[in-house]
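A.B. asks: Okay, handing you the structure first.
Every number in this text was worked out from the coordinates using simple rules, so none of it is lab data. Owing to the predicted nature of the structure, the values given are computational and were not obtained by experimental measurement. All Cβ positions, glycine included, derive from the backbone under ideal geometry; neighbour counts span all protein chains shown.
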Amino acid sequence: MPSKSLLERGFKSKAEKIAEEYRAELGISKFDALDAFALAEHLNVSVFTVDDAFDDKSSPHYISMSDTTKFSAMWMPNEDGDKIIIHNANHSKYRQQSNVMHELAHIIRGHKVPEAHAKLCAQYNLHYFNTLHEQEAKHLGGCLQITTPGLLWALKRFTEDQISEYYCASIEMVKYRIGVSGANRIRTYQNK
Ligand SMILES: [Zn+2]
């Protein structure tokens, strides 16, 4: 069952605008692929792998965070208050892109983790969960990876597999973006 949308009115067009603005700042067009690691650098967000983050590879936290069924990525403030991302590099290159984009979306939106939660999360490796924040990050993360104009442009030229390669996005992400962007309706209309 699809979950109810908590996104505020106008959020989706704002997300498209953000995705286009960052591309412009990086000197690429809305039709181009945006590399999540390049965007992180542009935003001064340091990205670490789980391997980087743990010296003790026998730690149970290291073992579970290296497991792709258990951990994708998280953002948190480091001890200097700078935002950092830790991601599981055992995921495919496509999934790594969407995982890092998702966390960047949280940071771009200025989502905050209440301090008491942040301490608990760091200590016990928990993920703070806020439904609205998750919906925003999911939507914005998808737009950052594939803008709607980019998707429509690509659908005229490429198969879904080729779109996945072009944007370094998983097939699931391509299908998700086709669904939420309304590209399917536009595509059907254009083919009439
Ligand atoms: Zn999230």
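A.B. asks: Can you give the relative contact order of the stretch 18-66 as a percent, counting alpha carbon pairs under 8 Å and 6+ residues apart?
C.D. replies: 20 percent
A.B. asks: Turning to a different aspect of this structure: Tell me, Thr131, Thr49, Thr69 in order of fewest to most beta-carbon neighbours within 10 Å? Don't skip to the end; give the middle numbers.
C.D. replies: Numbers: Thr131 10, Thr49 17, Thr69 6.
The most exposed by this proxy come first: Thr69, Thr131, Thr49.
A.B. asks: Return the sequence-ordered ³J(HN,Hα) values of the stretch 68-84 in whole Hz as given by the Karplus equation 6.51 cos²θ - 1.76 cosθ + 1.60 applied to θ = phi - 60°, using x for Gly and Pro.
C.D. replies: 5, 7, 10, 9, 10, 6, 8, 10, 6, x, 7, 5, 8, x, 7, 7, 10
A.B. asks: Could you run the Karplus curve 6.51 cos²θ - 1.76 cosθ + 1.60 with θ = phi - 60° over the stretch 148-157 and give me ³J(HN,Hα) per residue in whole Hz, x for Gly and Pro?
C.D. replies: My calculation for the stretch 148-157 gives 5, x, x, 5, 5, 4, 5, 5, 6, 10 Hz in order.
A.B. asks: I would also like to ask the following. Can you list, bin by bin at 5 Å, the percent of alpha carbon pairs in the stretch 11-191, starting at 0?
C.D. replies: 1, 8, 16, 20, 19, 14, 10, 6, 3, 1, 0, 0
A.B. asks: Let me ask another. Which value in deg cm²/dmol, rounded to the nearest 500, describes the helix-derived mean residue ellipticity at 222 nm for the chain, given -39,500 (n - 2.57) per DSSP H run of n ≥ 4 and division by the residue count?
C.D. replies: Mean residue ellipticity at 222 nm (helix-derived): -16500 deg cm²/dmol.
A.B. asks: Stretched out fully, how many nm does the piece from Glu165 to His61 gain, at 0.36 nm a residue minus the Cα gap?
C.D. replies: 34.2 nm
A.B. asks: Still on this structure, I have one more. For each of Ser66, Ser5, count neighbouring Cβ atoms within 10 Å of the residue's Cβ, then give the residues from fewest to most.
C.D. replies: Going from sparsest to densest Cβ surroundings: Ser5, Ser66.
A.B. asks: Further question on the same structure: Taking the Cβ of each residue in His102, His42, His111 as the centre, tally the other Cβ atoms inside 10 Å and list the residues starting with the fewest. Intermediate results must be reported in sequence, preceding the final value.
C.D. replies: Numbers: His102 25, His42 14, His111 17.
Least to most surrounded, the residues fall as His42, His111, His102.
A.B. asks: Which lysines, if any, have their Cα less than 18 Å from the Cα of Lys57, not counting same-chain residues under 8 positions apart?
C.D. replies: Filter leaves Lys70.
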